[in-house]
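K.L.:
Can you keep this structure in mind? I'll have questions shortly.
The values are calculated or read from the model by the stated rules, or taken from the named source; none is laboratory data. Please read these numbers as outputs of a predicted model, since none were measured by experiment. Please note: Cβ atoms are built from the backbone with ideal geometry, for glycine as well, and neighbour counts cover all protein chains shown. The accessibility values were calculated without ligands, DNA or RNA, using every heavy atom of the protein model including side chains. Shrake-Rupley method; radii C 1.70, N 1.55, O 1.52, S 1.80 Å.
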Amino acid sequence: MRTHDAIFALNQQVKVIRGDVAYDADGNEVAYDKVAVQAYVDAHAYIAKRAAEYPPITDYIDGVVKGDQAQIDKYIADCLAVKAKYPKGVA
């Protein structure tokens, strides 16, 4: 999760960010809570970590096409292990 994504998510009035300064649609600077932004980034860090470690979806599809239940079960187990390693909302 990028800081800019967090700023946009937490501040609906923000339309543009240049550097670390946020602006509304009229070009007015918008103040935002940097601590809240960092907390949001930290709380969503699991998403990128999971994405980097999930097995390729083609492993699952290959198992389905071949009718290989063991391969399908392994894919599911591998995904659940990644989810357990990086639970939601834990930095």
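K.L.:
Cβ-Cβ distance below 9 Å, separation of 6 or more or different chains: which pairs start in segment 1-22 with a residue that is touching a residue at least 60 places away in the same chain (Cβ under 8 Å) and end on one that is open to solvent by 60 Å² or more (accessible area, probe 1.4 Å)?
P.N.:
Close Cβ pairs satisfying both conditions: none exist.
K.L.:
Residues that are over 22 Å from the mean Cα position of the chain (by Cα): which helices (runs of 4 or more DSSP H) entirely in segment 1-75 hold 3 or more of them?
P.N.:
Values: elements: 3-10, 34-43, 45-53, 57-66.
Per the criteria, 57-66.
K.L.:
Further question: For segment 54-68, give me each residue that is loosely packed, with under 12 Cβ neighbours inside 10 Å and either in contact with a strand residue (DSSP E or B) (Cβ under 7 Å, 6 or more places away or on another chain) or not charged (D, E, K, R) (or both). Walk me through it before giving the result.
P.N.:
At the first step, the residues of segment 54-68 found to be loosely packed, with under 12 Cβ neighbours inside 10 Å are 56-58, 65-67.
Pro56, Ile57, Thr58, Val65, Gly67, listed by residue number.
K.L.:
Still on this structure: Which of the residues spanning segment 22-43 are of a type in the set (Val, Ile, Thr) and open to solvent by less than 50 Å² (accessible area, probe 1.4 Å)?
P.N.:
Let us first name the residues in segment 22-43 that are of a type in the set (Val, Ile, Thr), namely 30, 35, 37, 41.
Once the filter is applied, which keeps residues that are of a type in the set (Val, Ile, Thr) and open to solvent by less than 50 Å² (accessible area, probe 1.4 Å), segment 22-43 yields Val30, Val37, Val41.
K.L.:
Something else about it: Val41 versus (1) touching a residue at least 40 places away in the same chain (Cβ under 8 Å); (2) in contact with a Phe, Trp or Tyr (Cβ under 9 Å, 6 or more places away or on another chain): which is the lone unmet condition?
P.N.:
(2)
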